[in-house]
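A.B. asks: Encoded as structure tokens, here's the structure I'll be asking about.
Throughout, read-outs are computed from the coordinates displayed, never taken from laboratory work. Predicted model, so just to flag it, every value in this text is computed and none were measured. Please note: Cβ atoms are built from the backbone with ideal geometry, for glycine as well, and neighbour counts cover all protein chains shown.
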Amino acid sequence: MFSKEEDKMVSLGFNSINEGFDEGVSKAINFLTEIGTYYLNERKESEAEKTVVSIKEIGKAATLQGMANAAVSAIRALEKLLQGSIEQNMQDIAIRVLLSFGAIGKTAAEQQMEMVAKLAASVLGKSGNTAALLNRERETMAVIIGLGEIGKAVTRMKFPDLSENTAICISCLGDVGKLTAQKNLEKAAVGVELMLQEMAAVAMQENLQNTVRSITNSIEEVGRNAEEENMENAVIQAISALQIIVSNAGNRYLNDASIAAKVALESFNELDIINDEANIKKIEAIRETMRALWVDSI
């Protein structure tokens, strides 16, 4: 439960957004960052989580009002709380923060605030690499979800084919995916492939051929790394995603993208892997876990 002072500062943040008053938003975020850091140091998890949620909601509201500076301040504040949660080994708070980057970044993309979306994606990419290297699979999954949601949102904005922000999301997902495969984090590797597949679906709807080709390359790379580590489910998901791209891209006359996916598929043809019901259930369970995490964060 927040104190009266904390409630007052949260109200100041939202009221300042309504008035377009950057200094008021900054004051509120600074206060919440300080009190959130205190809660982390004291290991008061529920209070720290409420602080994270408040900063996220202020960041989203600022984005909806076109207040880029305030949105950036919210992201920077969350970065500090992420560092504190890692230092205190409070994984649930870290996951909440990582999903918050995704929520702000997605909102920014939908408002065509490219700089804010780019910052959120970049912070997530860096965090994902760190989490994967440290074998923190749950945190890595949160990064993957955030990057995917930002990626789908920027792709829907119909920027020129393969916009900078779309390319950043694909690149970050690909890098995280390769690391998760190398570290034997199979659920996370499958998660990357699922998010890339969802991004490809959006790109095909928008007839963004170069975007689809770039996504295809990332899926293939993650799948090939997974194959080297004998991660059967990740290989199966890579093959499944590529097969869907071949079919759907062809149906939409995205011939170059369809051909690229066919070529990528050929590299997996020698693998003796049976896509049985057990594999399908495991992959669907990962998909549902990711959906539930995201729904809980927005």
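A.B. asks: Placing +1 at every Lys and Arg Cβ and -1 at every Asp and Glu Cβ, with all other atoms neutral, what dipole size does the range 50-145 have around its Cα centre, in debye to the nearest 20?
C.D. replies: It works out to roughly 80 debye.
A.B. asks: Also, quick follow-up: Please state the charge dipole magnitude for the range 139-297, taken about the Cα centre, from unit charges on C-beta atoms (+1 on K and R, -1 on D and E), reported in debye and rounded to the nearest 20.
C.D. replies: With Lys and Arg at +1 and Asp and Glu at -1, about 520 debye.
A.B. asks: I want to verify a result. In a Gaussian network model of the chain, Cα cutoff 10 Å, which of these has the top mean-square fluctuation: S163, S267, S54?
C.D. replies: The residue with the greatest mean-square fluctuation here is S267.
A.B. asks: For the peptides 108-118, 129-139, what is the packing order when you average, over each peptide's residues, the other Cβ atoms within 10 Å and list the highest mean first?
C.D. replies: Packing proxy ranking, top to bottom: 108-118, 129-139.
A.B. asks: Further question: Determine the gain in length on full extension of the stretch N89-K262; use 0.36 nm per residue of separation and subtract their C-alpha separation, reporting nm with one decimal. Write down the numbers at each step before the final one.
C.D. replies: Values: separation 173, 0.36 × 173 = 62.28 nm, distance 4.39 nm.
Gain in length upon complete extension: 57.9 nm.
A.B. asks: Pairs of Cα atoms under 8 Å, at least six residues apart: use those to get the relative contact order of the chain, whole percent.
C.D. replies: Relative contact order for the chain comes out at 12 percent.
A.B. asks: Charges only on Cβ, +1 for Lys and Arg, -1 for Asp and Glu: so what's the dipole of the chain about the Cα centre, in debye to the nearest 20?
C.D. replies: So the magnitude is around 540 debye.
A.B. asks: Still on this structure: What spacing in nm lies between the two simple spin-label points modelled at Q112 and S247, each 7 Å away from Cα in the Cβ direction?
C.D. replies: 3.6
A.B. asks: Ok, one more. In the Gaussian network model of the chain, springs joining C-alpha atoms below 10 Å, which of I144, I244, I104 carries the largest mean-square fluctuation?
C.D. replies: Top of the fluctuation ranking is I244.
A.B. asks: Next question. Name the residue from S85, V222, Q182 whose Cα lies farthest towards the positive end of the charge dipole of the chain, charges +1 on Cβ of Lys and Arg and -1 on Cβ of Asp and Glu.
C.D. replies: Farthest along the dipole direction, towards plus: S85.
A.B. asks: R224 to K44: extension gain in nm, 0.36 nm per residue of separation minus the Cα-Cα distance? Intermediate results must be reported in sequence, preceding the final value.
C.D. replies: Details: separation 180, 0.36 × 180 = 64.80 nm, distance 4.28 nm.
The R224-K44 span can extend by a further 60.5 nm.
A.B. asks: Taking H placed 1.01 Å from N in the peptide plane, check which residues at least 5 places from M157 or on another chain put their amide H under 5 Å from its amide H.
C.D. replies: none
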